[in-house]
Amino acid sequence: MAVSCMSARRELTVALTGELDHHGAKQVMQELDKRMDWELPRRLSIDMGGVTFMDSSGIAVLLRAHRRMAQLQGSMTVSNVPPQALRVFQAAGLHRVIDFV
Amino acid sequence: MRTKACNYVSVDFPSRSSNEGFARTVAACFAAQLDPTLEEVNDIKTAVSEAVTNAIVHAYPDTIGKVSMKLRLYEDNSVEIVVRDWGVGIADVEQARQPMYTTGGEERAGMGFTIMESFMDKLRLRSTPGKGTTVTMRRCISRRAGGR
Ligand SMILES: Nc1ncnc2c1ncn2[C@@H]1O[C@H](COP(=O)(O)OP(=O)(O)O)[C@@H](O)[C@H]1O
Ligand SMILES: [Mg+2]
């Protein structure tokens, strides 16, 4: 699992690559927590285009980031969700909570 | 109406998170015999990932224990997957299956069983506190035109 972050003017963009399972999610959560504490972003964009597999561990990652952005009174969007991950999000009804673009 | 198993595979592994990917790959390779679509393989991989992750995360919270995965192929073009552990067990299996129920805190979403149920045709959960948990799942693979 690779997490690459880019930020400018309190906009944080995070690109995820690899398998987002429980094993990979631990790493992503740590990295996201660290970056968000440091940057205090107003906007968070998560690019999932490189995610080759995802299970419900990925849902926990997004919900945690979403809660954190709400605390910071910012917004969060998720883009380029691959078909397999989309099925997982749909089964969990996540589109009601997360803004997929 | 259960047909005989025509092929099977059985693997045991320790409850280390690095084995989650291994278990998914084994299940995907085994299911490949039924000539599934990409979506069908992915559904099976996702359900296996959920069941195996539960055995790794919840069954053995502070130790490394044994996880067993059995795969069976049936003549009606279905695959059955049994994931078993000998860990802490679940006191209330009905409650465990509820969406968003989790004892795993912020790191878990409580959607594992919901996903297993929606991606597989059948799911059975048996557990005895202190003895362990067995999840049995079954998925039919569509026979495609031009196929065997
Ligand atoms: N193999 C298991 N051994 C012990 N407890 C389990 C097992 N599988 C599931 N559970 C319990 O059922 C709950 C719900 O599981 P699940 O739907 O996969 O959500 P999550 O894994 O996100 O908590 C878990 O939080 C845990 O309390
Ligand atoms: Mg789970």
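Taken together, the values in this text are just the output of simple stated rules run on the coordinates, not laboratory data. Bear in mind the structure is a predicted one, so any value in this text is a computation, not a measurement. A quick note on method: Cβ atoms are made from the backbone with ideal geometry, for glycine too, and the neighbour counts reach across all protein chains shown.
Would you pick out the residues in segment A:63-84 that are more than 12 Å from the chain's Cα centre (by Cα) and closer than 20 Å to residue B:38 by Cα?
A:82, A:83, A:84
In segment B:94-128, which residues are within 9 Å of ligand 1 (Cβ to nearest atom), more than 14 Å from chain A (Cβ to nearest Cβ) and either closer than 24 Å to residue B:13 by Cβ or buried (at least 16 other Cβ atoms within 10 Å of the Cβ) (or both)?
Once the filter is applied, which keeps residues that are within 9 Å of ligand 1 (Cβ to nearest atom), more than 14 Å from chain A (Cβ to nearest Cβ) and either closer than 24 Å to residue B:13 by Cβ or buried (at least 16 other Cβ atoms within 10 Å of the Cβ) (or both), segment B:94-128 yields B:125, B:127.
Out of all the residues in segment B:62-85, is one or more within 25 Å of residue B:11 (Cβ to Cβ), away from ligand 2 (no atom under 13 Å from the Cβ), within 17 Å of the chain's Cα centre (by Cα) and within 14 Å of chain A (Cβ to nearest Cβ)?
So far as segment B:62-85 goes, yes, one or more of its residues are within 25 Å of residue B:11 (Cβ to Cβ), away from ligand 2 (no atom under 13 Å from the Cβ), within 17 Å of the chain's Cα centre (by Cα) and within 14 Å of chain A (Cβ to nearest Cβ).
Name every residue in segment B:17-37 that is within 16 Å of ligand 2 (Cβ to nearest atom) and in a loop (DSSP other than H, G, I, E, B), in order of residue number.
Residue satisfying the conditions is B:17 alone.
Being of a type in the set (A, V, I, L, M), under 15 Å from the mean Cα position of the chain (by Cα), outside any strand (DSSP E or B) and away from ligand 2 (no atom under 11 Å from the Cβ) is the filter here, so list the residues in segment B:95-133 that pass it.
B:120
Right, residue B:45: free of Cβ contacts under 8 Å to residues at least 40 places away in the same chain and either more than 14 Å from ligand 1 (Cβ to nearest atom) or part of a strand (DSSP E or B) (or both) or not? Give the derivation first.
On the way: free of Cβ contacts under 8 Å to residues at least 40 places away in the same chain: yes; either more than 14 Å from ligand 1 (Cβ to nearest atom) or part of a strand (DSSP E or B) (or both): yes.
Considered against the rule, which asks whether it is free of Cβ contacts under 8 Å to residues at least 40 places away in the same chain and either more than 14 Å from ligand 1 (Cβ to nearest atom) or part of a strand (DSSP E or B) (or both), residue B:45 comes out as yes.
Of all residues in segment B:38-57 being within 9 Å of ligand 2 (Cβ to nearest atom) and over 8 Å from the mean Cα position of the chain (by Cα), which is nearest to the other protein chains (Cβ to nearest Cβ)?
So, considering only residues that are within 9 Å of ligand 2 (Cβ to nearest atom) and over 8 Å from the mean Cα position of the chain (by Cα), the one nearest to the other protein chains (Cβ to nearest Cβ) is B:53.
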